[in-house]
Amino acid sequence: GESLNLLKEAISYANLFAVKKLTLHLGRVNKEIDRTIFINHIVKVLTDLCNYAKKYGMFVMIENMPGSGELGYSPKEILEIINEVNLDNLKFILDTGHANVSEYEIADYLNTLGDHLMHLHLNDNDGTKDQHAPFESGNIDFEKFINLMEEINYQELYCLEIIFKDVEDLKVNAKALRSYKK
C-alpha cells in the first residue's frame, strides 16, 4: 500500500547519497491477533522491499526491538523472517540497548543471527527501558560483548547510538568503546 510506496521512494532517494544499508523497524503487533498473521504480512513486504533495494545494491536490515509488542523482538522470530524472505540482501542489525531491555541476552541474538549480522547500534541502559545511554552508565557488559564480536569475526561498522552533550562527550564514548578491544 501507501507505506510500501513511501519506503520505496525513500530507497530511491537514499540511492542519490550512495546509501547501501537500510535499517528497518518492522512495526507493532496487536496482541489480540495471531502473531503469525503479522509475520506473514511482513515477509511479503520485505520480499518486495528487498527486491526493490537490490536494484540499487542495497541491503535491508531488520533491527531487534525492545518490546514484545513489536515485530522483530525475539532472535528466533527475526531468523524465521529472514529465512522466509530468503533473499541475500536481507540482514540483521543488532541494537545492544534494545537487546538489554528484552528478555533475551545479547549473546542469544548473536548466536542465532550472527551469520546475518551487518551493522551495530551500540548504547547502554539499566535494563528497564531504552535509554541510549553512554557506555558504562548502564549494566551491559561491553567487554563480554566485544569478545563475542571477535569470536564471530564481525568486520562491519560499530555505530554509537547514544545521547551525548557535545563532540568531546562523543569522543569519550568512542575511546571507552576502543578500550574494550584487545
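The values are calculated or read from the model by the stated rules, or taken from the named source; none is laboratory data. None of the values given here were measured: they were computed from a predicted structure. As a convention, Cβ positions derive from the backbone with ideal geometry for all residues, glycine included, and neighbour counts pool all protein chains shown. Note: areas computed on protein heavy atoms with side chains; ligands, DNA, RNA excluded. Shrake-Rupley method; radii C 1.70, N 1.55, O 1.52, S 1.80 Å.
Structure notes:
- Amide H contacts under 5 Å for residue 21, placed H, 5+ residues apart: 59
- The GluC sites (Glu not before Pro) of region 1-102 that DSSP puts in a loop, and whose beta carbon has at most 16 other beta carbons within 10 Å, are 32.
- Positive contributions from Lys and Arg (+1) and negative ones from Asp and Glu (-1), summed over other residues with Cβ under 15 Å from the Cβ of residue 88, come out at +3.
- Computed over the chain: relative contact order in percent, which uses C-alpha pairs under 8 Å that are six or more apart: 16 percent
- For residue 91, the residues whose amide H sits under 5 Å from its own are 60, 61, 62, ignoring neighbours fewer than 5 places away on the same chain, with H placed 1.01 Å from N.
- Degrees, to the nearest 10: 2-15 long Cα axis against longest axis of the chain: 60 degrees
- Electrostatic dipole magnitude of region 36-182 [Cβ: Lys, Arg +1; Asp, Glu -1; Cα centre; debye, to 20]: 460 debye
- Pairs spanning more than 26 Å between alpha-carbon atoms, out of 31/129; 55/129; 91/171; 31/54; 44/129: 55/129; 91/171; 31/54; 44/129.
- Averaged over its residues, region 1-69 has an accessible area of 59 Å² per residue, based on protein heavy atoms and a 1.4 Å probe.
- To put it simply, the accessible area of region 1-141 at a 1.4 Å probe is 50 percent carbon and sulfur.
- Rounded to the nearest Hz, the phi-derived 3J(HN,Hα) couplings of region 150-164 under the Karplus curve 6.51 cos²θ - 1.76 cosθ + 1.60 (θ = phi - 60°) are 5, 4, 8, 6, 5, 10, 8, 6, 10, 9, 6, 10, 10, 7, 10, where x marks glycine and proline.
- Surface analysis of region 119-167 yields an accessible area of 58 Å² per residue, using protein heavy atoms and a 1.4 Å probe.
- Helix 167-180 axis, angle to the chain major axis (alpha carbon atoms, nearest 10°): 90 degrees
- Backbone HN-Hα couplings from phi across region 111-124 [Karplus 6.51/-1.76/1.60, Hz, Gly and Pro as x]: 5, 7, 10, x, 5, 9, 5, 10, 7, 10, 10, 9, 7, 10
- Taking θ as phi - 60° and the Karplus parameters 6.51, -1.76 and 1.60, the scalar couplings of region 23-33 work out to 8, 10, 8, 7, x, 8, 10, 8, 5, 7, 10 Hz in sequence order, x denoting glycine and proline.
- Antiparallel %, DSSP beta bridges [both residues in the chain], to 5: 10 percent
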